[in-house]
Amino acid sequence: MSGRRQAAIALGSNLGDRLANLLAAVRALAANDVQVRCLSRLYESAPAYVTDQPPFLNAAALVETSLPPLDLLRTLKQLEEKLGRDLGPGARRWGPRPIDLDIVFYEGQTVAEGDVLVVPHPRWQERDFVKAPLADLCGATLPAAAAAAAAAANVATAASASTFSAGSAAAGGSGGGGSGGGGNGAERGLQRNLQLAAGLWRAAGGERQLGCPDLECVLPMGRLGLWPWQRRTQVMGILNVTPDSFSDGGRHAGVGAALQHAQRLAEAGADILDVGGQSTRPGAELLTAAQEAARVVPVIAALRQQEATAQLPLSVDTFYADVAAAAVQAGATMVNDVSGGTMDSRMHRQVAELGVPYVLMHMRGTPRDMQQARHTAYRDVVADVAAELAAAAGAAIAAGIEPWRLVLDPGLGFAKTQDDSLALMAQLGSLQSALPPPLAGLPLLVGPSRKGFLGRVTGREVAADRDYATAAAAALCVSGGAAIIRAHNVAAVRDAVRVADAVRRFAAAPPAAL
């Protein structure tokens, strides 16, 4: 750390492959003595100042470098030129550009070098597309070293989660961030500036300002491009192609039956289809990766060719890295891993290479033993699940998955008692707020559909008879902040989700919008 300094850099692009441009910039920074410690979420924004140009893709990075401010600026300008930006005398100042890299903050320093460099950036406070990603970095506590340590210690264990949680709390509480929990002067100076940005962002409405074409978070959905997930709550339709699912096992096995059911799900209003070939009910026997791939890959390939489903995001429900790779090659655009990476040590690296969104679910143990008492023992289920999700997410980020590709799932019914699942549903907001930045702002997927705890609450022993209960649970989850609801009966859940979503958004709307 000797001689190392911290800065916050804003990244933007509105020409060419915008996401590829941002990723190329992140890689180039690391190769030029600018180590990226944390990334924000990914934002799409309407152009500012000169409006007759394409929308921008924006992010922010917390970086560590030995370069002084002017040298850092020179490095950023050199990278912009290498990545295709015209910096010549005839270039439009506010015009389109493949990449834009600005120093917003450099520690707590004020720098004034004439017209060459002014830090803090003189216009950051007037730009929501800068304030929002900066707020994501405020108190960020996801250094690669800590995340790698969490992964090595097995993120599914309570011990590793408690260690990560304690370190995060200490760093966040003291205003430290980036690398090192206690925070040195550079970290404290930068965090003070980030706290100012976060405060201004919240004062203006914070998250309530997101979810419209002017400014919204997006997920890179592979071949389908950028997916705006904040405009309304999404419904993920469950397509089981397994003979032993707890709810509908055997009903949609085979490509033909699966395609017919997928079309029904799409017609009922599914926004995403989640294809699974392996039962994860309590006590289930596990298939091999080859067996699972033989079930799901042909279905995904066929779904990509069907008019009704070709443009829907296709998720593969697997905890095997090889199945994830084969499914994405066949047309899947996201990976849904119930183990969060604990059942295949190669999963995080594989998803990092695939470049698709990754649903990281909380589970202890495996489907065979997850309901044993040793896995369902929590001191505080909300705090413990948040800590363990954070540890798993830290490991995923350390493996190369950008935060903006993560979707978090608390795992209702997975290594949870009935009371545990009810507590998580009742306190989804508390769960999110217990996560360190930028994880607290990531989309939350919740899957109450036909779960056993709903059957115990309602007295419905048959899973297929729990659709009314599922609709009620889905509405409650939406009111608590869920961004995606996973459901078997899309028609039953869709309307409940839409009503709950409308109420939540009405309640959260800025006064001027009411």
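Some observations on this one:
- Test: Asp337 is within 17 Å of the chain's Cα centre (by Cα) and within 24 Å of Lys416 (Cα to Cα): yes
- Test result for Ala475, surrounded by 21 or more Cβ atoms within 10 Å (Cβ to Cβ), closer than 18 Å to Thr280 by Cβ and small (Gly, Ala, Ser): no
- One residue stands out in segment 3-20 among those that are polar (S, T, N, Q) and crowded, with 23+ Cβ neighbours inside 10 Å: the one that is nearest to Asp136 (Cα to Cα), namely Gln6.
- Selection count, segment 432-453, where residues are over 16 Å from Gln371 (Cα atoms) and not in a loop (DSSP other than H, G, I, E, B): 8
- Being assigned to a loop (DSSP other than H, G, I, E, B), modelled with pLDDT of 95 or more, of a type outside the set (A, V, I, L, M, F, W, C) and closer than 22 Å to Met236 by Cβ is a description that does not apply to Gly429.
- Here is the figure for segment 79-100: residues that are closer than 24 Å to Leu190 by Cβ, of a type in the set (A, V, I, L, M) and either surrounded by fewer than 18 Cβ atoms within 10 Å (Cβ to Cβ) or out of contact with any Gly (no Cβ under 8 Å at 6 or more places or on another chain) (or both) total 1.
- Taking the conditions (1) under 27 Å from the mean Cα position of the chain (by Cα); (2) part of a loop (DSSP other than H, G, I, E, B); (3) not charged (D, E, K, R) in turn, Trp94 satisfies each one other than (1).
- Cross-chain or 6+ apart pairs with Cβ under 7 Å, segment 44-59 first and more than 13 Å from Arg127 (Cα to Cα), then among the acidic types (Asp, Glu) and open to solvent by 30 Å² or more (accessible area, probe 1.4 Å): Pro55/Glu44; Leu57/Glu44
- Tally, over segment 106-122, of residues that are touching a strand residue (DSSP E or B) at 6+ places or on another chain (Cβ under 9 Å), open to solvent by 60 Å² or more (accessible area, probe 1.4 Å) and not in a strand (DSSP E or B): 2
- Residue tally, condition among the small types (Gly, Ala, Ser), open to solvent by 30 Å² or more (accessible area, probe 1.4 Å) and closer than 16 Å to Leu29 by Cβ, over segment 44-73: 1
- Helices (runs of 4 or more DSSP H) wholly inside segment 133-249 that include at least 2 residues being at pLDDT 90 or above, crowded, with 18+ Cβ neighbours inside 10 Å and at negative phi: 185-203
- Number of the exception - Leu72 against (1) in contact with a helix residue (DSSP H, G or I) (Cβ under 9 Å, 6 or more places away or on another chain); (2) part of a helix (DSSP H, G or I); (3) at pLDDT 95 or above; (4) more than 30 Å from Arg349 (Cβ to Cβ): (1)
- All positions within segment 28-43 that are open to solvent by 20 Å² or more (accessible area, probe 1.4 Å), touching a residue at least 12 places away in the same chain (Cβ under 8 Å) and over 12 Å from Leu11 (Cβ atoms): Asn32, Asp33, Gln35, Arg37
- Residue tally, condition surrounded by fewer than 20 Cβ atoms within 10 Å (Cβ to Cβ) and more than 17 Å from Leu412 (Cβ to Cβ), over segment 271-283: 1
- Among the residues of segment 274-297, those that are outside any helix (DSSP H, G or I), touching a residue at least 24 places away in the same chain (Cβ under 8 Å) and β-branched (Val, Ile, Thr) comprise Val275, Thr280.
- Members of segment 298-319 that are in a loop (DSSP other than H, G, I, E, B), of a type outside the set (A, V, I, L, M), open to solvent by less than 40 Å² (accessible area, probe 1.4 Å) and farther than 16 Å from Ala257 by Cα: Pro313, Thr318, Phe319
- Residues that are free of Cβ contacts under 8 Å to residues at least 12 places away in the same chain and within 21 Å of the chain's Cα centre (by Cα) within segment 439-486 comprise just one, Ala440.
The values are calculated or read from the model by the stated rules, or taken from the named source; none is laboratory data. Worth saying up front: this structure is predicted, and the values here are computed from it rather than measured. Because the Cβ atoms are built from the backbone with ideal geometry, glycine has one as well, and the counts that use them run over all protein chains shown. Note: accessible area is taken over every heavy atom of the protein model, side chains too, but ligands, DNA and RNA are not part of it. Shrake-Rupley method; radii C 1.70, N 1.55, O 1.52, S 1.80 Å.
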